[in-house]
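**Student:** Can you read through this structure? Questions will come right after.
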Amino acid sequence: MAAGSVVRMGTLLVRHARVLVTMDGAEIEDGAIFARDGWIEAVGTTADLPAGADETVDLSGHIVLPGLVNTHHHLYQTLTRVVPGAQDAGLFKWLRALYPIWARMTPDHVRVATTIGLAELALSGCTTAFDHQYLWPNGSRVDDQIEGAEPVGLRFHVSRGSMSLGESDGGLPPDSIVEEPGSILEDCQRVVGSYHQPQRGATTRVVLAPCSPFTVTTDLMRETADLAREMDVTMHTHLAETADEEEFCVTRFARRPVEHMEDLGWSGPDVWYAHAVHVAPDEITRMGRAGTGVAHCPTSNMRLASGLAPVAGYLEAGVRVGLGVDGSASNDSSNLLAEVRQSLLLNRLAVAPGVGEGPQMTARGALMVATVGGAAVLGRDDIGRLAPGMAADFIAIDFERIEFAGAVHDPVAAVVMCSPVGVDHSWVGGRRVVEDRQLAGVDIGALVAEHNQLARALLG
Ligand SMILES: [Zn+2]
């Protein structure tokens with residue numbers, strides 16, 4: 001689907017859904033969607049919608065939801081899942097163990113890891129994914145990710161990420177994998193010019209995404225913000241992930257992480273932070289006022305023992321919050337439905353007596369973060385809900401699966417609270433991505449074999 005242009009795909013009707021969840025507040029029994037050329041024209045009961053279309057799909061027994069949105073990830077890390085030296089470490093030790101391995105990646109690693117990570121996301125309900133790639137060794141480029149994403153068929157927000165503060169200047173990464181600021185900014189311009197689609201219905205957008213305060217110079221942070229605003233693209237970075245990072249910022253800049261980024265122009269409706277775990281109440285209030293967003297990554301925060309993000313506080317303050325699987329070496333999974341469940345469970349713990357305050361996250365609240373919240377974080381008004389005028393991005397889950405046995409009392413909550421499953425079907429812009437639990441455009445067996453070969457070669 002070419003963004004911004006009318007693509008003649010004809011009409012699509014899906015009907016007889018057991019429950020269709022619009023995320024606009026309606027849960028429609030015997031639900032249906034009628035779409036034309038990739039856009040939703042009508043949502044309602046099967047009886048209320050047209051009786052036929054160019055393509056008609058019977059979704060009896062299925063729960064239908066808007067496609068899930070992933071707002072933070074590192075697809076290349078699928079190559080370094082469960083590396084022994086990085087299994088039981090906090091963030092800084094974990095990074096130091098993995099940097100030398102990542103430094104050996106080639107364009108093939110980046111391309112194949114992109115396909116595999118997006119494939120796993122698609123099979124677990126994702127229809128729009130953001131990826132934060134911040135190191136580009138051995139000639140690898142954003143173009144390799146664009147190529148790797150193509151066969152999966154998700155909407156892809158790719159980043160031109162960066163690292164410029166090496167060990168010899170007080171940063172965390174080895175000097176060998178940081179780049180010159182001048183060439184970073186030049187490549188940012190090239191990538192935005194080549195791939196960014198600003199229109200509604202975009203399949204590819206570009207985000208400028210320096211890695212973090214401890215891997216990027218303050219000058220480059222500021223210059224990246226200026227360039228992003230000049231080119232009208234959004235920007236993203238890791239922030240306030242761990243106590244180590246807070247100590248780094250206070251020692252080096254005499255500012256807490258959020259204060260430091262505010263000083264550099266990194267707040268507002270065009271900015272979102274990954275993690276935002278160690279954030280003070282007054283900083284949450286300012287983030288809400290400024291319109292800054294957060295990618296909440298519960299599994300990664302548990303895996304690295306980073307801490308509990310104050311999600312209840314963010315939602316109360318009006319901070320845009322989306323969900324991110326992060327990783328895949330700090331999650332070891334790219335399953336987005338599983339992450340929805342993790343967010344529910346971790347946020348229950350976060351407001352337990354003696355731990356924190358706020359209302360319990362509900363199953364529907366967790367789905368809201370994963371759909372409407374994710375769309376808001378990525379700055380999109382065309383996805384996240386099922387309504388006329390929205391993109392035809394939706395997923396269908398078979399409620400007859402064993403994981404849901406006995407959950408007949410509330411099938412919608414069951415999607416979150418029962419054991420996480422994959423999706424049975426999904427569509428992006430009216431095009432089929434998953435059909436009968438298989439990806440339409442990818443041979444998974446061959447892909448996994450190639451990916452494992454590349455992963456083995458990387459560790460030498
Ligand atoms: Zn991350």
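**Student:** Taking square-rooted eigenvalues a ≥ b ≥ c of the alpha carbon gyration tensor, is the range 261-406 rounded, prolate or oblate, where a/c under 1.5 means rounded and, failing that, a/b exceeding b/c means prolate?
**Tutor:** Cα axes put the range 261-406 in the oblate bin.
**Student:** Indicate the gyration tensor shape class of the range 168-219 (rounded, prolate or oblate), computed on the Cα atoms with a ≥ b ≥ c the square roots of the eigenvalues: a/c under 1.5 is rounded; otherwise a/b larger than b/c is prolate and the rest oblate.
**Tutor:** prolate
**Student:** Under the classification rounded if a/c is under 1.5, otherwise prolate if a/b is larger than b/c and oblate if not, where does the range 1-131 fall, given a ≥ b ≥ c as square roots of the Cα gyration tensor eigenvalues?
**Tutor:** In terms of gyration-tensor shape, prolate.
**Student:** Another question, if that's okay. Using the scaling law 2.2 N^0.38 Å as the reference, what is the normalised Cα Rg of the chain?
**Tutor:** 0.93
**Student:** Using alpha carbons only, how many angstrom separate the centre of the range 307-340 from the centre of the range 38-102?
**Tutor:** Answer, in whole Å: 13.
**Student:** Of all accessible surface on the chain at a 1.4 Å probe, what whole percent is carbon and sulfur?
**Tutor:** 50 percent
**Student:** Using DSSP to define loop residues, name the chymotrypsin sites (Phe, Trp or Tyr not before Pro) in the range 29-85 whose beta-carbon has at most 14 other beta-carbon atoms within 10 Å.
**Tutor:** The qualifying sites: there are none.
**Student:** Okay, moving on. So what is the relative contact order of the chain, in percent, for Cα pairs below 8 Å that sit 6 or more residues apart?
**Tutor:** Numbers: 1063 pairs, mean separation 93.9, N = 460.
Over the chain, the number comes to 20 percent.
**Student:** Using Cα pairs under 8 angstrom and six or more residues apart, how large is the relative contact order of the range 259-378, in percent? Present the calculation step by step, with values, prior to reporting the outcome.
**Tutor:** Details: 193 pairs, mean separation 28.6, N = 120.
Taking the mean separation of contacting Cα pairs over the length of the range 259-378, I get 24 percent.
**Student:** Applying a 10 Å radius around every beta-carbon, put 323-332, 347-356, 415-424 in order of their mean neighbour count, most first. Intermediate results must be reported in sequence, preceding the final value.
**Tutor:** On the way: 323-332: 26.6, 347-356: 13.6, 415-424: 20.7.
The peptides rank, most packed first, as 323-332, 415-424, 347-356.
**Student:** Further question on the same structure: How many Å² of accessible area per residue for the range 234-324, probe 1.4 Å?
**Tutor:** 33 Å²
**Student:** Next up: Kindly work out what percent of the DSSP beta bridges joining two residues of the chain are antiparallel, to the nearest 5.
**Tutor:** Details: 29 of 62 bridges.
Beta bridges within the chain, antiparallel portion: roughly 45 percent.
**Student:** Turning to a different aspect of this structure: If contacts are Cα pairs under 8 angstrom and at least 6 residues apart, what is the relative contact order of the range 61-170 in percent? Present the calculation step by step, with values, prior to reporting the outcome.
**Tutor:** Details: 147 pairs, mean separation 35.3, N = 110.
Here the relative contact order equals 32 percent.
**Student:** A further question follows. Considering only DSSP states other than H, G, I, E and B, which trypsin sites (Lys or Arg not before Pro) in the range 371-460 qualify as loop sites with at most 13 other Cβ atoms within 10 Å?
**Tutor:** Those that pass, being in a loop and sparsely packed, are ARG437.
**Student:** Considering only the other residues whose Cβ falls under 15 Å of the Cβ of ASP187, what net charge follows from Lys and Arg at +1 and Asp and Glu at -1?
**Tutor:** Spelling it out: positives minus negatives among the neighbours equals -3.
**Student:** Quick one: accessible area per residue over the range 1-138, 1.4 Å probe, rounded to a whole number of Å²?
**Tutor:** Accessible surface, normalised per residue, equals 34 Å².
The values are calculated or read from the model by the stated rules, or taken from the named source; none is laboratory data. Because the structure is predicted, anything quoted here is derived from the model rather than measured. Counting neighbours? That spans all protein chains shown, and the Cβs are built from the backbone with ideal geometry, glycine included. Remember, those area values only see protein heavy atoms, side chains included, never the ligands or the DNA or RNA. Shrake-Rupley method; radii C 1.70, N 1.55, O 1.52, S 1.80 Å.
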